[in-house]
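Worksheet: the structure to be examined is printed underneath.
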Amino acid sequence: MSNKFLASSPQELQEGLNELNRKMEEEEAQAQAGSLNLPYIDLHNFPVDLAVLGMFTEAEAKEMSAVPFYKDLTDLRIATIQPNHPLLQEKIKELALNHKVKLYFISKMSLLQTLRFYSKVLRPKLASEEVLKVEKEENYADLLKSMESETEQKAKNASRLLEIIFGAGMFYKSSDIHMEPEEHFFKLRFRVDGVLQDMLHISKDLQRSIVTRIKILSKLKLNVEDVPQDGRITFYYLQKPIDVRVSILPSAYGEEIVMRLLGTGASTLKLKDLGFSTQALEVVERMLQKPNGMVITTGPTGSGKTTSLYAFLNELNQPGVKIITLEDPVEYKLEGIVQTPIDHTHDFDFAKGLRAILRQDPDIVMVGEIRDQETAETALQAALTGHLVFSTLHTNDAAGAIPRLLNMGIKPFVAAPALSAVLAQRLVRRLCQSCKKPAQLSPTVMEKIQYILNQIPKVANVELPKELLFFHSAGCDQCHNLGYKGRVGIYEVLENTEAVQALILKENSSMAEFKKVAVSQGMITMVQDGLLKALQGMTDVEEVFRVAGEG
């Protein structure tokens, strides 16, 4: 051993070993670059231009194991240890529109050292590559049809594919975009009017780059693929911002993505547009005129409960009235109303949020959902102390809501005077009026319909036609050959009358008892309401039975 090394301190020895390892790694990288027919560069001590480095987000750079390191008027140079990474190839396609892109091979050590400079990169909040924009309307029906070919799909980068997917989602008025990995393809489906429709099978080769792009846009962890993740995206459709709630779930063939489009459709919705029958509308209007009390809407997820609550708020949103909502998440923006989102990451749930907003001196309060006894008790106490309170509950029908509250531990002497009404609802698809035709139903089905309609209480003052005529739509260009266009609500409204209050105070009253009393005072059930709408040609019998059961 030379005298030089014998005389060195441990620190100097370590530095010498580190330098030796670095040189060996650089030599190895240089050899690998040669085998890949790529130029090699050592970025150690290279003057990093932060503006150039900022052309990739830090998340993109880490995912692709690549960094842009040099740019002049036309040339752009990118260094990587994964030249065939699908997202990098997509990125190069994008950049090649404005630059002459040249790819270099580097060592892993060189990459890690350059990535450290991202802590010094100043980036605007909405950098152009982090915002998705659909700037013009296109013929999405033809566009999706042309993309059935894998060659056509692969000719587009991930950003352009997402532009088409989001644009088509808006064109078809879908509420949710589903991207589901299968063994041999990546399936795209839209939920249109509550029903999932297959739209496209995307090439399996594009799956990773699309998932990565969505993760970057929604600020989710790129290197996490085995646990669920939730995020948000805002994209611009014809210059209008659309919020998207993103849910990612691991599955057998990769990560499944569901994106809920949170538009502004309900922000101008009026009470008369919801589809209430005359009798139900009278009850609802009476409840809204009260200065206090609690109105609950019930039904499964996607039955339009939030839309109904927003329509109530629109009706009551007047100068001199303070309205505060508590939502998870805020789905539609309403002018003149204070809307508060739930934040589970900061332990801000419905119960804590409701106590906080009651200290803000509101006249009207909307609580997105009652999930526990504490929230239910606080909401009902607020209804007793001069507030008008709206909320939602998950039960199958209106009669089931009261036993559900009592089973939560709510005292009957609190529930009886605080509750004003319970509204149960579902959404049925509207028949396309362009291709609607009379339908011939089987004698068995007609007999069942006649029995259900005959159960409508006389006090409801419903006049049935002598001949029951129903309709169906086969599908046409106007409805994208679905036969349906839009949705309408079917409802049952249970008003908390003295008879209902007596049942609540009696305790241990069954759901059947509540339903019997409600019907005796004129309540039309959801199935009956649906069949009456089918008689008016709004929907068809199959749709009513599919959504609400058969009575």
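Tabulated data
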item	result
Vicinal HN-Hα couplings computed from phi for segment 375-380 (Karplus, 6.51 cos²θ - 1.76 cosθ + 1.60; Hz; Gly/Pro x)	5, 4, 5, 4, 5, 5
Lys, Arg +1 and Asp, Glu -1 on Cβ, resulting dipole of the chain about Cα centre, debye, nearest 20	780
Packing-based order for 134-142, 74-82, 106-114, 90-98, using average beta carbon neighbours within 10 Å, highest first	106-114, 74-82, 90-98, 134-142
Members of Lys173/Lys215; Lys290/Lys466; Lys156/Lys215; Lys436/Lys458; Lys62/Lys136 lying beyond 27 Å, as alpha-carbon distances in this model show	Lys290/Lys466; Lys436/Lys458; Lys62/Lys136
Arg232 versus Lys506: modelled label distance in nm, points set 7 Å from Cα along the beta carbon direction	4.7
Counting all C-alpha pairs of segment 126-218, share separated by more than 23 Å (%)	20
The chain: relative contact order in percent, alpha carbon pairs under 8 Å with at least 6 residues between	10
Lys204/Leu469 FRET efficiency (R0 51 Å; Cβ-Cβ; nearest 0.05)	0.55
Helix 278-288 axis, angle to the chain major axis (alpha carbon atoms, nearest 10°)	70
Projected label distance in nm at Glu315 and Glu94, using a 7 Å step from Cα toward the beta-carbon	4.7
Whole-Hz ³J(HN,Hα) from phi, Karplus 6.51 cos²θ - 1.76 cosθ + 1.60, for segment 201-214, glycine and proline x	9, 8, 4, 4, 5, 8, 4, 5, 5, 5, 4, 4, 4, 5
Angle in degrees between helix 10-35 and the longest Cα principal axis of the chain, rounded to the nearest 10	80
All-pairs Cα distance distribution in segment 460-534, expressed in whole percent, bin size 5 Å	3, 12, 17, 16, 13, 12, 9, 7, 6, 3, 2, 0
The chain: antiparallel DSSP beta bridges as a percent of all, rounded to 5	65
Dipole-positive endmost among Phe413, Ala499, Val258 within the chain (Cβ charges, Cα centre)	Ala499
Length added when fully stretched, Glu183-Glu15, from 0.36 nm per residue minus Cα-Cα	55.5 nm
Distant-in-sequence amide H partners of Ile524 (H built 1.01 Å from N, under 5 Å)	Val493
Segment 146-250 - charge dipole about Cα centre, Lys and Arg +1 at Cβ, Asp and Glu -1, debye rounded to 20	480
At R0 = 51 Å, FRET efficiency that the Cβ-Cβ distance of Gln289 and Tyr253 yields, to 0.05	0.40
Order by protection proxy (mean Cβ within 10 Å, highest first), peptides 175-187, 385-397	385-397, 175-187
Amide hydrogen neighbours beyond the local backbone of Glu369, cut-off 5 Å, H modeled	Thr392
Which labelled figure in [x] 1.10; [y] 1.08; [z] 0.94 is Rg/Rh (Cα atoms, Kirkwood Rh), once derived from the coordinates	[x]
Label-to-label distance, nm, for residues given as Lys411 and Leu143 (7 Å Cα→Cβ offset)	6.0
Rounded, prolate or oblate (a/c below 1.5 giving rounded, otherwise prolate when a/b exceeds b/c) for segment 276-334 by Cα gyration tensor	oblate
Per-peptide average of other Cβ atoms within 10 Å, ordering 309-316, 412-419 highest first	309-316, 412-419
Relative contact order (%) - criterion: Cα under 8 Å, at least six apart; region: segment 336-418	26
Which of Phe185, Gly302, Leu217, positive extreme of dipole for the chain (C-beta unit charges)	Gly302
Mean Cα-pair separation over length for segment 418-484, i.e. relative contact order, pairs under 8 Å, 6 or more apart, %	48
Under 5 Å, built H, 5+ apart or other chain: amide partners of Arg426	Ile490
Gain in span if fully extended, Asn37 to Arg22, counting 0.36 nm per residue against the direct Cα distance	3.2 nm
Whole-Hz couplings from phi, Karplus 6.51/-1.76/1.60, listed for segment 485-498; x for Gly and Pro	8, x, 9, 9, x, 10, 9, 9, 10, 9, 8, 7, 7, 4
Whichever aspartates and glutamates have a C-alpha closer than 19 Å to that of Lys240, once near sequence neighbours (fewer than 8 apart) are set aside	Glu129, Glu130, Glu135, Glu137, Glu138, Glu163, Asp176, Glu331, Glu335
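Laboratory data are not the source of any read-out in this text; all were calculated from the coordinates shown. Since this is a predicted model, take the numbers as computed values, not measurements. When we count neighbours, we look across all protein chains shown, and the Cβ atoms used for this are built from the backbone with ideal geometry, even at glycine.
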